[in-house]
Amino acid sequence: MDGISIETILLQILVLFTLAKLGGMLCERVGISSVIGEIAAGILVVNSGFLFQLIGLNFDLFHLLSLDADMSLFEVLSELGVIFLLFAVGLETPFSELRKVGRTATLVAVLGVILPFFAGLTLILGLGHGQTEALFIGAAMVATSVGITARVIKDMDLTRSIESRVIIGAAVIDDVLGMIVLAVVVGIAAGGSNGIIDIVLVSATGIAFVLLVIFFGSIVLPKARKRANGKRIEPFDDSTVCVRKRKFSISPLPLAIIVCLGLSFAASYAGLAAIIGAFLAGMAFAEFKDKWPCDEDFRPINAFLVPFFFLFVGMSVDLASFGNVLVLAAIITVLAVVTKYVGCGMGALKLGRGSANIIGVGMVPRGEVGIIVATIGLSMNAVSQGMFSVVVFMSMATTIIAPFLLTWAFRRKYGECSNGDQAEVHMGEASHP
């Protein structure tokens, strides 16, 4: 950042953050995820010269803000944003929930990972692209961003329906499977130049790291906590009142940040993406949310940092070259929708066609997760600029269309009810999905 004054840096942050928030607010006003607006703001900034040139004006916001001189600050903000974003996602999916979601949710998640992954891998390989790039595209198609689906379910007041429970449960497993797939793909990309043995070793290291943290977080920590809680507490005797030295303690937020950054570093040191460690750290910390609640504390941090990640994603999209991959982007989007719908729907068929239809649609949006995978591939030079744009298009498109499809699917089964009364009829089934 040599040669850039603090005034310029502050102006860059002010303008970019403001544009991201305005874009997010506009999208929310029309019922679209704010993520789309933040990405669009980044696309507008980096392509402003090209866009204004189309209408005969000479204006380039990217150069005006001196962003062409040095982007290292925003790379760091972007990395921190996605690390804390994945930690927050992990906080919503404690390890203990993996044992409660049931066989149907597990089957939905597994089929919803296998079909999109191999469909994307086969298509990209068939088009003549390299194996590593095909693996990253397949991994990006695996991802499910259940936040969009959860918002629709909440707005329709159908959180108690069996479909909602299966979708949320499957999303928990889907996230973990997605992280394992990403760990393998990153391992292959990192060790791909040294032969098959190195690829296997690096991939095995990634899987071992993920499974070790899951084992430690889901078995060791809960047992240790249960043992600690089971210790006998001496009753209070007011006849022996004495002044006790205050015990050293740390508030939940700093502890959560330490755990998040610690496991992110460990994952990166092991040759994996830092976000894998952040996600697993969130899941581990979620086991202690009742003792160390930090969800509310993380919200203002994420409200500032996370938009910079999506801004940076948008700023990685070159509209001038996007026309060359528009047809492929449309094909990938259709394939992403169909494979997720079919795979997850097949896993839920025993609940009936109506429920399978809802669950299949509910798992369609890729959102930020697919973009994160593609961003890692781009940073490792494993994914080309064109294919990165394809994944961004697919992620944005599935995120936009999913709420409309899900609303239609719910109303097709439950009619126009919005209070969940008809959904409660099926809750007997939901106890053992």
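The values are calculated or read from the model by the stated rules, or taken from the named source; none is laboratory data. A quick note: this is a predicted structure, and the numbers were derived from the prediction, not measured. Ideal geometry is used to build each Cβ from the backbone, glycine not excepted, and the neighbour counts take in all protein chains shown.
Restricting to segment 278-326, and then to whatever is within 26 Å of Phe209 (Cα to Cα) and of a type in the set (D, E, K, R), can you tell me which residue is surrounded by the most Cβ atoms within 10 Å (Cβ to Cβ)?
Out of the qualifying residues, it is Glu287.
What is the one condition in (1) surrounded by 21 or more Cβ atoms within 10 Å (Cβ to Cβ); (2) among the hydroxyl-bearing types (Ser, Thr, Tyr); (3) within 21 Å of the chain's Cα centre (by Cα) that Ser355 does not satisfy?
(3)
Residue by residue, here is whether (1) touching a Pro at 6+ places or on another chain (Cβ under 8 Å); (2) surrounded by fewer than 19 Cβ atoms within 10 Å (Cβ to Cβ) holds:
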{"position": "Val35", "(1), (2)": "no, no"}
{"position": "Ile43", "(1), (2)": "no, no"}
{"position": "Asn58", "(1), (2)": "no, yes"}
{"position": "Ala69", "(1), (2)": "no, yes"}
{"position": "Glu79", "(1), (2)": "no, no"}
{"position": "Thr104", "(1), (2)": "yes, no"}
{"position": "Leu115", "(1), (2)": "no, no"}
{"position": "Thr122", "(1), (2)": "no, yes"}
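Does Phe404 qualify as being of a type in the set (Phe, Trp, Tyr), in the same structural domain as Val108 (by TED's automatic domain parsing) and either at pLDDT 85 or above or in contact with an Asp or Glu (Cβ under 9 Å, 6 or more places away or on another chain) (or both)?
On the way: of a type in the set (Phe, Trp, Tyr): yes; in the same structural domain as Val108 (by TED's automatic domain parsing): yes; either at pLDDT 85 or above or in contact with an Asp or Glu (Cβ under 9 Å, 6 or more places away or on another chain) (or both): no.
Here the answer is no, as Phe404 does not meet what is asked.
For residues that are farther than 12 Å from Met315 by Cβ, assigned to a helix (DSSP H, G or I) and at pLDDT below 90, tally how many sit in segment 10-46.
Within segment 10-46, residues that are farther than 12 Å from Met315 by Cβ, assigned to a helix (DSSP H, G or I) and at pLDDT below 90 number 8.
Of Val369, Val373, Val364, which residue is in the same structural domain as Ile173 (by TED's automatic domain parsing), assigned to a loop (DSSP other than H, G, I, E, B) and surrounded by 21 or more Cβ atoms within 10 Å (Cβ to Cβ)?
Residue meeting the stated conditions: Val364.
Results for (1) of a type in the set (Val, Ile, Thr); (2) at pLDDT 70 or above; (3) in contact with a strand residue (DSSP E or B) (Cβ under 8 Å, 6 or more places away or on another chain), shown as yes or no for each residue.
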residue: Arg151; (1), (2), (3): no, no, no
residue: Met156; (1), (2), (3): no, no, no
residue: Ile162; (1), (2), (3): yes, yes, no
residue: Ile173; (1), (2), (3): yes, yes, no
residue: Ala208; (1), (2), (3): no, yes, no
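Please give the number of the condition Ala329 fails out of (1) modelled with pLDDT of 85 or more; (2) of a type in the set (A, V, I, L, M); (3) within 19 Å of the chain's Cα centre (by Cα); (4) outside any loop (DSSP other than H, G, I, E, B).
(3) is the only condition that Ala329 fails.
Considering (1) in a loop (DSSP other than H, G, I, E, B); (2) out of contact with any helix residue (DSSP H, G or I) (no Cβ under 6 Å at 6 or more places or on another chain), say which one Gly49 fails and leave the rest.
It is condition (1) that Gly49 fails.
Taking the condition of a type in the set (Gly, Ala, Ser) and either surrounded by 24 or more Cβ atoms within 10 Å (Cβ to Cβ) or under 18 Å from Phe410 (Cα atoms) (or both), does Gly347 pass?
Yes: the conditions hold for Gly347.
Looking for whichever is among the hydrophobic types (A, V, I, L, M, F, W, C) and touching a Phe, Trp or Tyr at 6+ places or on another chain (Cβ under 7 Å) here; the options are Val76, Val35, Val30, Val15. Which one fits?
Val35
Taking Met346 and the conditions (1) at pLDDT 85 or above; (2) under 22 Å from Ile275 (Cβ atoms); (3) of a type in the set (A, V, I, L, M), which numbered condition does it fall short on, given that it satisfies the others?
The single condition Met346 does not satisfy is (2).
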